[in-house]
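S.K.: Here's a structure for you.
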Amino acid sequence: MSELEEEYRLDYFEEEGFVRKECTDCGDFFWTRDTGRETCGEPPCENYQFIDDPGFPDEYTLEEMREAFLSFFEENDHERIEPYPVAANRWRDDVLLTQASIYDFQPLVTSGQTPPPANPLTISQPCIRMQDIDNVGKTGRHTMAFEMMAHHAFNAREEVGDEYAYSGEVYWKDETVEYCDRFFESMGADLEDITYIEDPWVGGGNAGPAIEVIYKGAELATLVFMSMEADPDGDYEMKDGNRYSKMDTYIVDTGYGLERWTWVSQGTPTVYEAVYPEMIAFLKDNAGIEHSEEEEKLVHRASKLAGHMDIDEAEDMEAARDNIARELDVSKSRLEDLLEPLEDIYAIADHCRTLAYMLGDGIVPSNVATGYLARMVLRRTKRLCDNVGVDAPLDELVDMQAERLEYENRDTIRDIVRTEVEKYRETLEQGGRRVERLAKEYAEKGQPIPTDELVELYDSHGIQPDMVEEIAADFGTEVDVPDDFYSVVASRHDGGQAFEEEEDEDDRLADLPKTERQYYEDQYGTDFEAVVLDVFEREGEGDDGETMYDVVLDQTMFYPEGGGQPADRGTLTTDDTSVKVSDVQIEDGVILHRTDDELGKGDIVRGKIDRERRRRLMRHHTATHLVVHAAREVLGEHVRQAGAQKGIDSSRIDVRHYERIDRETKEKIEMVANELVMENTTVQQEWPNRHEAEEEYGFDLYQGGIPAGQNIRLIHVSEDVQACGGTHVRRTGDVGTIKILNTERVQDGVERLTFAAGDAAIEATQRTETALAEAADILDVAPEEVPETAQRFFDEWKDRGKQIEDLKEQLAEARASGGGSGEEVEVGDSTAVIQRLDADMDELRATANALADEGKIAVIGSGADGATFVVAVPDGVGVNAGEVVGELARKVGGGGGGPPDFAQGGGPDAEKLDEALAEAPEVLQQVQNA
RNA sequence: GGGCCCAUAGCUCAGUGGUAGAGUGCCUCCUUUGCAAGGAGGAUGCCCUGGGUUCAAAUCCCAGUGGGUCCA
């Protein structure tokens with residue numbers, strides 16, 4: 001850290017008369033105007049000083065505080081930026097949720113590939129930190145959802161010129177600290193009370209000096225000066241033990257906690273009371289929580305103490321509670337009875353805000369990714385509500401927050417919450433029954449429910465161990481919950497990790513110029529001329545191991561595989577030869593044409609792409625945009641594309657939605673999509689600046705992934721606008737027609753729509769029509785009558801099955817009582833009937849049973865399908881049917897068995913059946929004697 | 001993206017290779033009758049679909065479909 005010491009010697013500190021001191025408690029270095037100060041000011045070195053004694057002259061609500069911050073920086077030449085979604089995985093694939101304002105600009109802006117939307121800028125970014133979930137409500141200061149107010153400046157060293165998307169210095173450390181000071185000043189804070197602690201920052205491969213800003217015991221801001229990157233040969237060793245070196249870009253990354261600032265301005269005992277006063281009042285009232293004046297005072301004092309204590313760890317919670325109780329001179333249980341309901345209520349308010357952010361930004365609960373996080377939060381919130389006795393519907397509670405956050409899709413949010421609560425209820429109900437059965441079972445055995453059953457219940461059925469304990473208690477059953485339960489569950493999930501294939505990078509490839517993409521200039525073009533720049537030999541890459549070639553041209557009409565659109569095919573022709581193009585890929589802007597034969601470097605070639613294939617792909621691509629657009633219109637604004645694949649005969653898109661799409665809904669989507677086709681509007685492409693595009697259309701542009709670069713290609717189809725690199729038809733009418741073939745649920749919360757466009761749609765319709773016509777033909781009715789007729793046939797078929805069953809029974813009885821056909825022999829005191837009857841197993845069984853009912857041993861053999869035997873023995877006769885069958889079956893090369901009074905068996909050698917039956921009397925004798 | 005679990009009577013579920021079951025609901029009758037209840041009898045079923053193994057599959061194996069759940 002000492003290596004960074006110089007980094008903190010700011011001119012600003014000097015001019016303002018700051019002194020650098022070492023905290024007498026924790027040893028951290030800090031800067032202050034107060035020369036007499038000894039500690040850094042941050043808990044646990046010091047306590048909160050703002051509770052019941054607000055830090056600013058005026059109280060602020062959340063909204064007022066946000067506005068105060070943003071307008072302060074606006075007045076100081078920062079541009080105000082609209083917040084990004086909380087679902088960060090919409091623009092980056094390394095994280096799920098937005099956890100800080102800087103996430104908005106990673107990785108493209110921070111690495112200098114893409115310019116920032118404004119420079120410098122200010123923003124208040126909603127964030128969600130799931131890792132704090134257990135502390136929410138309990139510590140008085142943790143929230144899962146919060147807004148990070150920030151100002152950012154993106155700088156690049158002068159000497160690197162215009163290599164990056166921004167250049168030069170906007171401002172750096174001195175100005176950043178000065179802004180912080182002046183903002184405090186504008187709020188009416190006492191500047192003597194502020195300390196700036198030196199606290200270098202490391203994260204995500206970057207690092208830099210950073211400063212924590214403490215005021216009245218609360219950390220109100222962090223000023224990060226991101227300027228280093230991981231580098232084994234770097235000059236600086238940071239606190240993570242790795243070495244870092246300076247980057248060409250350096251970025252001001254600040255974070256001011258909106259909730260903290262609001263809290264400090266109000267001086268309430270907990271942050272929740274400052275942030276959600278109305279909601280907490282509502283919840284208290286709804287849960288029927290009333291406190292006497294004395295209790296009220298106790299709670300107030302307890303909250304104050306809790307706020308002072310450092311209880312980040314769950315284990316410390318118990319101890320902290322003990323200390324608080326002692327200090328207040330009440331019993332721990334009394335304190336818990338008072339505080340626990342309040343803690344639940346604080347958590348509910350916070351979780352509802354989290355849910356409002358998540359669902360409002362279009363996350364659909366599911367078993368994957370952010371959807372799963374949303375489901376976890378929702379279920380946890382529901383449990384908290386049940387626990388504390390809040391009976392207001394959850395969708396209403398979430399809506400209260402959604403309304404405050406000014407989301408427009410509130411109806412959808414409520415719908416999603418209702419659906420999800422209902423799903424949870426069903427899961428609990430089913431799980432409850434399952435646990436009851438288990439509890440009963442183990443209660444009878446007098447054993448506790450073992451751990452592996454618990455793991456199974458949790459892992460496969462989503463039932464928490466505490467719920468098992470609760471239900472088991474009703475049956476007096478113990479439950480064996482190990483302390484490391486969740487790690488036992490985790491160990492079940494250990495498995496082989498897929499390893500990534502590494503491809504050899506060709507240096508020659510890197511030196512080639514980017515191929516000119518003619519397919520954008522003329523999407524209908526199929527013929528072109530080009531010069532061969534290079535040819536790569538690919539040995540053994542062909543389907544049958546033959547050598548293939550990757551041809552690089554200066555320009556091409558061939559569309560390389562991308563954005564779910566397969567590559568074009570066609571031919572490249574010179575005066576001497578013609579080669580087939582079977583695949584086209586793009587690598588770093590260089591387009592590779594996979595061919596079956598060699599071309600010479602410098603050759604001039606005529607390219608020709610498979611026109612019909614391309615047309616079909618274009619129709620399907622435009623149709624994809626139409627179907628997504630139609631799905632949004634029918635299902636709701638939350639609908640997002642979750643993957644797509646275009647094809648020749650059909651295409652599919654996966655769409656996020658919280659319910660199954662039934663046939664009626666499917667037809668509605670199909671209708672809307674086809675209406676757009678019939679409108680026959682033009683399909684337009686443009687290449688606007690990415691930030692202008694984002695500003696105008698929002699993040700919903702990026703349905704199929706986020707492209708890099710300053711300018712992005714937009715495709716306008718009707719009202720729909722998407723960032724897209726694919727080829728499209730000129731007018732929607734050129735799609736012809738769209739037929740949705742199928743909908744399936746590919747994951748929870750993700751529906752797959754398979755559809756065909758143009759001639760492929762007609763073909764698909766014809767296929768189903770043919771199937772129907774053939775079915776109608778077989779039934780000999782008109783196609784419209786197929787369902788009714790099929791129903792009638794099915795019913796009749798069932799009826800007849802029952803009749804046949806009946807008749808066989810009667811036949812068997814008649815045979816048994818009529819006797820005659822079978823050979824009767826005496827076995828001990830009883831009579832055995834040995835009979836050959838070439839019929840199926842059911843019939844043999846019925847006959848044998850009927851004989852046994854008359855008190856006779858039945859040995860029936862059939863040669864209908866191989867050789868089969870049934871042996872039935874009446875009650876009280878000492879012959880083991882299983883053994884008899886076993887013996888007989890062996891003679892026909894098979895086996896058999898069953899209970900002593902009824903057995904069946906057989907074997908493949910039907911011609912030995914009579915022989916076996918002839919020996920049956922002997923077998924019976926033997927078995928009886930044995 | 002990966003793992004695990006489930007699919008049998010209208011409903012809730014048993015059945016672990018050998019004659020498909022229980023509880024509940026349904027129908028009929030009896031007792032009683034204000035309602036509820038009780039007794040006797042009866043009907044329930046492509047054991048999700050398709051393949052495989054086997055003399056024999058609801059049962060074992062594979063694939064599919066539908067649902068549930070946990071993890072990243």
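S.K.: Step by step: first the residues of the range A:119-143, then only those that are touching a strand residue (DSSP E or B) at 6+ places or on another chain (Cβ under 6 Å) and part of a loop (DSSP other than H, G, I, E, B), then the one that is nearest to A:Met65 (Cα to Cα). Which residue is that? Before the answer, list the steps.
M.R.: Initial filter on the range A:119-143 (touching a strand residue (DSSP E or B) at 6+ places or on another chain (Cβ under 6 Å)): A:119-128.
Filter once more, so that each one left must be part of a loop (DSSP other than H, G, I, E, B): A:119-120.
Details: A:Asn119: 23, A:Pro120: 21 Å.
Top of the filtered list is A:Pro120.
S.K.: Residues that are touching a helix residue (DSSP H, G or I) at 6+ places or on another chain (Cβ under 8 Å) and surrounded by fewer than 21 Cβ atoms within 10 Å (Cβ to Cβ): does the range A:347-360 have at least one?
M.R.: No, the range A:347-360 contains no residue that is touching a helix residue (DSSP H, G or I) at 6+ places or on another chain (Cβ under 8 Å) and surrounded by fewer than 21 Cβ atoms within 10 Å (Cβ to Cβ).
S.K.: A:Ala221 - would you say it is under 31 Å from the mean Cα position of the chain (by Cα) and open to solvent by less than 20 Å² (accessible area, probe 1.4 Å)?
M.R.: Working: under 31 Å from the mean Cα position of the chain (by Cα): no; open to solvent by less than 20 Å² (accessible area, probe 1.4 Å): yes.
The answer is no for A:Ala221.
S.K.: Among A:Leu108, A:Leu70, which is outside any loop (DSSP other than H, G, I, E, B) and either surrounded by 20 or more Cβ atoms within 10 Å (Cβ to Cβ) or assigned by TED's automatic domain parsing to the domain that holds A:Gly203 (or both)?
M.R.: Result of the check over A:Leu108, A:Leu70: A:Leu70.
S.K.: Quickly run through the range A:448-463 and pick out the residues that are open to solvent by 40 Å² or more (accessible area, probe 1.4 Å) and either in contact (Cβ under 8 Å) with a residue 40 or more places away in the chain or within 13 Å of RNA strand B (Cβ to nearest atom) (or both).
M.R.: A:Asp452, A:Glu453, A:Glu456, A:Tyr458, A:Asp459, A:Ser460, A:His461
S.K.: Could you check A:Glu420 against (1) touching a strand residue (DSSP E or B) at 6+ places or on another chain (Cβ under 7 Å); (2) in contact (Cβ under 8 Å) with a residue 40 or more places away in the chain and say which number it fails?
M.R.: That leaves (1) as the condition not met.
S.K.: Name the residue, out of A:Thr831, A:Thr868, A:Thr847, that is polar (S, T, N, Q) and near RNA strand B (Cβ under 8 Å from one of its atoms).
M.R.: Being polar (S, T, N, Q) and near RNA strand B (Cβ under 8 Å from one of its atoms) holds for just one of A:Thr831, A:Thr868, A:Thr847, which is A:Thr868.
S.K.: Of the residues that make up the range A:33-40, is at least one of a type in the set (Ser, Thr, Tyr) and in contact (Cβ under 8 Å) with a residue 24 or more places away in the chain?
M.R.: No, that holds for no residue.
S.K.: Given the residues A:Glu46, A:Glu5, A:Glu14, which is the only one that is open to solvent by 90 Å² or more (accessible area, probe 1.4 Å), out of contact with any strand residue (DSSP E or B) (no Cβ under 7 Å at 6 or more places or on another chain) and of a type in the set (Asp, Glu)? If you could, list the steps in order and put the result at the bottom.
M.R.: On the way: A:Glu46 fails: open to solvent by 90 Å² or more (accessible area, probe 1.4 Å); A:Glu5 fails: open to solvent by 90 Å² or more (accessible area, probe 1.4 Å).
After applying the criteria, what remains is A:Glu14.
S.K.: Next question, about the same structure. Suppose we keep only residues that are at pLDDT 90 or above and farther than 17 Å from A:Ala630 by Cβ within the range A:719-730. Which one would you say is surrounded by the fewest Cβ atoms within 10 Å (Cβ to Cβ)?
M.R.: Within the range A:719-730, the match that is surrounded by the fewest Cβ atoms within 10 Å (Cβ to Cβ) is A:Arg730.
S.K.: Identify the residue in the range A:796-816 that is small (Gly, Ala, Ser) and surrounded by 12 or more Cβ atoms within 10 Å (Cβ to Cβ) and, among all such residues, is farthest from A:Val879 (Cα to Cα).
M.R.: The qualifying residue farthest from A:Val879 (Cα to Cα) is A:Ala812.
S.K.: Within the range A:398-447, how many residues are within 10 Å of RNA strand B (Cβ to nearest atom), more than 16 Å from A:Ser366 (Cα to Cα) and open to solvent by 60 Å² or more (accessible area, probe 1.4 Å)?
M.R.: Result for the range A:398-447: 7.
S.K.: Looking only at the range A:149-162, which residues are surrounded by 24 or more Cβ atoms within 10 Å (Cβ to Cβ), hydrophobic (A, V, I, L, M, F, W, C) and under 17 Å from A:Ser124 (Cα atoms)?
M.R.: Once the filter is applied, which keeps residues that are surrounded by 24 or more Cβ atoms within 10 Å (Cβ to Cβ), hydrophobic (A, V, I, L, M, F, W, C) and under 17 Å from A:Ser124 (Cα atoms), the range A:149-162 yields A:Met149, A:Ala150.
S.K.: Consider A:Arg792 carefully, then state whether it is open to solvent by 70 Å² or more (accessible area, probe 1.4 Å), in contact (Cβ under 8 Å) with a residue 60 or more places away in the chain and under 47 Å from the mean Cα position of the chain (by Cα).
M.R.: Judged against the criteria, A:Arg792 is not a match.
S.K.: Please tell me if A:Glu159 is assigned by TED's automatic domain parsing to the domain that holds A:Ser71, within 20 Å of A:Gly255 (Cβ to Cβ) and outside any loop (DSSP other than H, G, I, E, B).
M.R.: no
S.K.: Condition (residue is open to solvent by 30 Å² or more (accessible area, probe 1.4 Å), over 20 Å from A:Gln926 (Cα atoms), in a helix (DSSP H, G or I) and within 10 Å of RNA strand B (Cβ to nearest atom)) applied to the range A:891-909: is it met by at least one residue?
M.R.: Checked the range A:891-909: no residue is open to solvent by 30 Å² or more (accessible area, probe 1.4 Å), over 20 Å from A:Gln926 (Cα atoms), in a helix (DSSP H, G or I) and within 10 Å of RNA strand B (Cβ to nearest atom).
S.K.: Also, I was wondering about something else. Quickly run through the range A:361-379 and pick out the residues that are more than 10 Å from RNA strand B (Cβ to nearest atom) and part of a helix (DSSP H, G or I). Spell out the reasoning first.
M.R.: The first filter runs over the range A:361-379 and keeps only residues more than 10 Å from RNA strand B (Cβ to nearest atom), leaving A:361-364, A:374, A:377-378.
Scanning the range A:361-379 gives A:Ala374, A:Val377, A:Leu378.
S.K.: Select from the range A:126-135 the residues that are hydrophobic (A, V, I, L, M, F, W, C) and modelled with pLDDT of 85 or more and list them in ascending order. Even if it seems obvious, please write down each step before you answer.
M.R.: Quick first cut of the range A:126-135, residues hydrophobic (A, V, I, L, M, F, W, C) only: A:127-128, A:130, A:133.
Result: A:Cys127, A:Ile128.
S.K.: Among A:Ala473, A:Ala443, which is at pLDDT below 85 and in contact with a Ser or Thr (Cβ under 6 Å, 6 or more places away or on another chain)? Steps first, answer last, please.
M.R.: Details: A:Ala473 fails: in contact with a Ser or Thr (Cβ under 6 Å, 6 or more places away or on another chain).
Going through A:Ala473, A:Ala443 in turn, just one is at pLDDT below 85 and in contact with a Ser or Thr (Cβ under 6 Å, 6 or more places away or on another chain): A:Ala443.
The values are calculated or read from the model by the stated rules, or taken from the named source; none is laboratory data. A quick note: this is a predicted structure, and the numbers were derived from the prediction, not measured. Quick reminder, even Gly has a Cβ in these numbers, built from the backbone with ideal geometry, and neighbours come from all protein chains shown. Side chains included, ligands, DNA and RNA excluded: accessible areas come from the protein's heavy atoms. Shrake-Rupley method; radii C 1.70, N 1.55, O 1.52, S 1.80 Å.
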